[in-house]
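Enquirer: Sending over a structure as structure tokens; questions will come in a sec.
The values are calculated or read from the model by the stated rules, or taken from the named source; none is laboratory data. All of these numbers come straight from a predicted model, not from anything done at the bench. Quick reminder, even Gly has a Cβ in these numbers, built from the backbone with ideal geometry, and neighbours come from all protein chains shown. Protein only, heavy atoms only, side chains kept; ligands, DNA and RNA dropped before computing areas. Shrake-Rupley method; radii C 1.70, N 1.55, O 1.52, S 1.80 Å.
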Amino acid sequence: MPTPPLLELRQVSKVYARGLLAREQVVALNKVSLTIDDQRPSIIAVAGESGSGKTTLGSLVLGFIQPTTGAVLYRGQDVARLNGAAYLRFRREVQAVFQDPFAVFNPFYRVDHLLETPIAKFKLARSKREARRMMEDALNAVGLRPEEILGRFPHQLSGGQRQRITIARALLLKPRLLVADEPVSMVDASLRATILESLRRMRDEHGISILYITHDLTTAYHVSDDILVLYAGNVVEAGDAEQVIRQPKHPYTQLLIDSIPWPEVDRRWGSVELVQRDGAAASGGCRFFARCPAAMPRCAQSAPALYRVSEAQAAACYLHEGQPVALDEVLRASDRAVMA
Ligand code: SF4
């Protein structure tokens with residue numbers, strides 16, 4: 001029997017009800033299918049604005065919330081039904097790093113406490129000496145010097161050091177998958193590169209796959225192999241990160257990329273026209289209809305599928321109508337392009 005993938009999202013949707021008698025429904029994520037294979041560790045960026053569904057996707061993968069329809073499977077088992085040893089394994093192997101590196105620190109404890117807790121909880125070391133060695137190894141792995149970190153209080157460290165300690169803490173558990181939700185957005189720009197480098201080392205030296213959730217396409221470009229762009233809960237563009245960011249095909253991705261002040265002199269910034277038309281038609285049609293500068297009458301009638309635009313890139317837009325393609329096929333093609 002073939003080994004199941006590390007993680008599989010099968011047609012996962014998440015719908016929230018709100019308003020009087022829960023009459024209004026908000027689709028936070030719409031039928032997303034995605035597979036992450038343990039054999040090919042990669043960094044997949046999930047990008048979009050606030051409200052795009054990217055954090056919902058991360059919360060579903062971590063098992064914090066349950067899908068409304070569809071399923072999230074870890075090593076072939078439904079995350080919602082895990083128990084016993086399988087649940088403990090999932091809790092150890094799927095780790096998270098969040099936006100705020102201050103939130104996980106108790107100001108009254110030295111940082112050692114943050115690292116000692118998972119070692120004790122999961123009984124990872126047989127002696128204090130072994131625990132100490134594990135902590136030192138994890139700190140070294142994220143480019144920190146244990147002698148400068150251990151024994152200190154959180155306020156004695158920079159935001160960048162604190163965030164790398166949270167990555168080291170995840171690393172102690174030897175995870176297979178890391179969900180990194182905006183891990184550099186509260187860190188000084190000058191320190192971001194060191195954190196992104198720590199994530200790359202997790203992939204390259206420890207074989208850990210990473211879901212890198214971000215609103216910032218610049219960091220996604222620097223760190224990720226593949227990218228999914230979400231808009232209103234739908235995957236609107238996906239594929240090889242370099243291709244998608246250098247040559248975006250979906251009008252929404254073009255708008256996102258156009259809003260980045262790239263340091264290239266020959267690149268025009270702010271050249272994409274902003275539109276705001278009556279969005280009522282979008283309920284049955286393309287979700288981007290109300291803001292799309294290229295919208296056509298048919299876009300209001302039905303939602304486009306994800307169409308392949310090249311071997312390793314696809315966009316959900318009628319401007320690129322052709323062969324519909326599954327997200328996983330595009331991402332696998334992207335892996336092949338990287339390996340070639
Ligand atoms: Fe714009 Fe139509 Fe493409 Fe949607 S399908 S992004 S409205 S052109």
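Enquirer: Quick one: would you say Arg176 is of a type in the set (Lys, Arg), modelled with pLDDT of 95 or more and within 30 Å of Lys121 (Cβ to Cβ)? Spell out the reasoning first.
Expert: Values: of a type in the set (Lys, Arg): yes; modelled with pLDDT of 95 or more: yes; within 30 Å of Lys121 (Cβ to Cβ): yes.
Answer is yes for this residue.
Enquirer: Go over the candidates Thr56, Thr69 one by one and state the one that is surrounded by fewer than 16 Cβ atoms within 10 Å (Cβ to Cβ) and among the β-branched types (Val, Ile, Thr). Give the derivation first.
Expert: Values: Thr56 fails: surrounded by fewer than 16 Cβ atoms within 10 Å (Cβ to Cβ).
The match here is Thr69.
Enquirer: Do any residues in segment 304-322 that are in contact (Cβ under 8 Å) with a residue 60 or more places away in the chain have Cβ atoms under 7 Å from those of residues that are in a loop (DSSP other than H, G, I, E, B) and near the ligand (Cβ under 8 Å from one of its atoms), where the two are at least six apart or on different chains, and which pairs are they?
Expert: Partner pairs satisfying both residue conditions: Leu306/Ala316; Ala315/His250; Ala316/His250; Ala316/Pro304; Cys317/His250; Cys317/Pro304; Leu319/Ala294.
Enquirer: Right, next: Provide a single number: the residues in segment 290-304 that are more than 6 Å from the ligand (Cβ to nearest atom) and under 29 Å from the mean Cα position of the chain (by Cα). Working first, answer last.
Expert: Filtering segment 290-304 down to residues more than 6 Å from the ligand (Cβ to nearest atom) leaves 290-291, 293, 297-298, 300-303.
Then drop every residue that is not under 29 Å from the mean Cα position of the chain (by Cα), which leaves 290-291, 293, 302-303.
Summing the residues that are more than 6 Å from the ligand (Cβ to nearest atom) and under 29 Å from the mean Cα position of the chain (by Cα) in segment 290-304 gives 5.
Enquirer: For segment 128-206, give me every one of the helices (runs of 4 or more DSSP H) that falls completely inside it and has 3 or more residues that are buried (at least 18 other Cβ atoms within 10 Å of the Cβ).
Expert: Numbers: elements: 128-141, 146-149, 159-172, 189-206.
The helices (runs of 4 or more DSSP H) meeting that bar are 128-141, 159-172, 189-206.
Enquirer: May I pose another question? Scan Gly270, Gly285 and give me the residue that is among the small types (Gly, Ala, Ser), modelled with pLDDT under 95, open to solvent by 30 Å² or more (accessible area, probe 1.4 Å) and not in a helix (DSSP H, G or I).
Expert: Details: Gly285 fails: open to solvent by 30 Å² or more (accessible area, probe 1.4 Å).
Going through Gly270, Gly285 in turn, the sole match is Gly270.
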